[in-house]
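S.K.: Quick one: the structure is below, and I'll ask about it shortly.
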Amino acid sequence: MELKRGLLVRSKAGHDKHVFVVLSADQEFAVICDGKHRPLQRPKKKNCRHLAVTNTVLPEEAMKTNREIRRGIRCYLEKDPQS
């Protein structure tokens, strides 16, 4: 699956192994944030090979603030607790 804006992904490698939302992506790298450790003001650039894609996409209006991003990730984790 191609990485696109709003897609929730799980980090497979690195010291930050948890769920993020994709802000932008190209063929090799994605810019991701989680609203807490990596807020919108300081997103992380991560290699796409180190990301596992979920089937959840946050709507554009749920990505305006860090609080809304955290809420979207929390809702996903409540539905799918093994992530």
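The values are calculated or read from the model by the stated rules, or taken from the named source; none is laboratory data. What you see is a predicted model; the values in this text were computed from it and never measured. Don't worry about glycine lacking a Cβ; one is built from the backbone with ideal geometry, like all the others, and counts go over all protein chains shown. Quick note on the areas: whole protein, heavy atoms, side chains included, nothing else; ligands and nucleic acids left out. Shrake-Rupley method; radii C 1.70, N 1.55, O 1.52, S 1.80 Å.
S.K.: For the chain, just the Cα set please: Rg and Dmax, both in angstrom.
M.R.: When restricted to the Cα atoms of the chain, Rg and Dmax are 11.3, 30 Å.
S.K.: Leaving out ligands and nucleic acids, and using a 1.4 Å probe, what accessible area per residue does the chain come to in Å²? Display every interim value, and only then the final one.
M.R.: Details: 5360 Å² over 83 residues.
With all protein chains present, the chain gives 65 Å² per residue.
S.K.: Related question: Suppose every K and R has +1 on its Cβ and every D and E has -1 on its Cβ; what is the size of the dipole of the chain about the Cα centre, in Debye to the nearest 20? Can you show the working numbers first?
M.R.: Values: 18 positive and 10 negative charges, 68 e Å.
So the dipole magnitude of the chain works out to roughly 320 debye.
S.K.: Under 17 Å Cα-Cα from Lys17, which aspartates and glutamates qualify once same-chain neighbours fewer than 8 residues away are excluded?
M.R.: The reachable aspartates and glutamates, counting only those whose Cα sits under 17 Å from Lys17, are Asp34, Asp80.
S.K.: Sticking with this one: For the residue pair Arg5 and Arg49, what label-to-label distance in nm results when each label sits 7 Å from Cα along the Cα-to-beta-carbon direction?
M.R.: 2.8
S.K.: Rounded to a whole number, what % of the accessible area of the chain do carbon and sulfur atoms account for, probe 1.4 Å?
M.R.: Using a 1.4 Å probe with all protein chains present, the chain comes out at 48 percent carbon and sulfur.
S.K.: Quick one: longest stretch of the chain between exposed loop GluC sites (Glu not before Pro), exposed meaning at most 12 other C-beta atoms within 10 Å and loop per DSSP?
M.R.: 29-83
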